[in-house]
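The structure under discussion appears below in the form of structure tokens.
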Amino acid sequence: MGVKELITGIIEEELKETDSFLVGVDSNQAETSIRFFIDGIDGVSIQLCSQLSRKVSRILDEEYTDDQPIRYEISSPGAEQPLVDLRQFYKHIGRELEVELTTGEIYTGELIQILDDTIKLSVLISKHKSEEKTIVFNKINKSTVKLSFKRKKK
């Protein structure tokens, strides 16, 4: 078993009883620098990342026998990263998403609902008219949150 698989297993085991989950792993080819991205229904705390890192470090000290030094990081994916797990969508209800389908179609709209394995967007089709688009999750090629820095009027 490689070091990436070893750490992935540790993280997944530690997250089993939480509302957090692993959403991605990025590494160089030699697996000497690895980044693990976790997310959760209510986001991810620095404390959780630190706790996981300490657990991984203890186990690596005991089980990793390769002399090759490794560098790993455990963090949240960041606001600019695509949503890759349906569970990530829940905390973005009410936000604007850009969703690219496997067919190449792209929709931009407010995420209004999640049902089973589908998401529902309110897509603006003219200046004063919108329509709801129901999209099956496995038909999504890429989905990102459109960040807005506009202040809402009170």
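The values are calculated or read from the model by the stated rules, or taken from the named source; none is laboratory data. The shown structure was predicted, so the numbers you read here are calculated from the model rather than taken from an experiment. All Cβ positions, glycine included, derive from the backbone under ideal geometry; neighbour counts span all protein chains shown.
Brief remarks on what is shown
- Breaking point among (1) among the polar types (S, T, N, Q); (2) surrounded by 10 or more Cβ atoms within 10 Å (Cβ to Cβ); (3) under 16 Å from the mean Cα position of the chain (by Cα), for SER122: (3)
- Tally of residues being hydrophobic (A, V, I, L, M, F, W, C) and at pLDDT below 95 across segment 116-130: 2
- Residue satisfying all of: in segment 16-39; in contact with a Phe, Trp or Tyr (Cβ under 6 Å, 6 or more places away or on another chain) and under 18 Å from GLN88 (Cα atoms); surrounded by the most Cβ atoms within 10 Å (Cβ to Cβ) among these: VAL23
- When PHE89 is tested against the conditions (1) surrounded by 11 or more Cβ atoms within 10 Å (Cβ to Cβ); (2) in contact with a Ser or Thr (Cβ under 7 Å, 6 or more places away or on another chain); (3) in contact (Cβ under 8 Å) with a residue 24 or more places away in the chain, the lone failure is (2).
- Filtering segment 126-141 to residues that are part of a strand (DSSP E or B), over 22 Å from the mean Cα position of the chain (by Cα) and farther than 12 Å from ILE112 by Cβ leaves SER126, LYS129.
- The set of residues in segment 16-51 that are small (Gly, Ala, Ser) and under 15 Å from TYR72 (Cα atoms) comprises GLY24, SER27, ALA30, SER33, SER50.
- Selection over segment 16-44 of residues that are at negative phi and over 14 Å from the mean Cα position of the chain (by Cα) gives a count of 10.
- Applying the set (1) part of a loop (DSSP other than H, G, I, E, B); (2) more than 30 Å from THR8 (Cβ to Cβ); (3) among the polar types (S, T, N, Q) to SER122 leaves exactly one unmet item: (1).
- Of all residues in segment 102-131, those that are closer than 28 Å to ASP42 by Cβ and of a type outside the set (Phe, Trp, Tyr) total 16.
- In a residue-by-residue description of segment 73-80, the property of being within 20 Å of ILE10 (Cα to Cα), in contact (Cβ under 8 Å) with a residue 24 or more places away in the chain and touching a Lys or Arg at 6+ places or on another chain (Cβ under 6 Å) applies to at least one position.
- Among the candidates GLN51, GLN47, GLN113, GLN68, residue that is surrounded by 12 or more Cβ atoms within 10 Å (Cβ to Cβ) and assigned by TED's automatic domain parsing to the domain that holds SER20: GLN51
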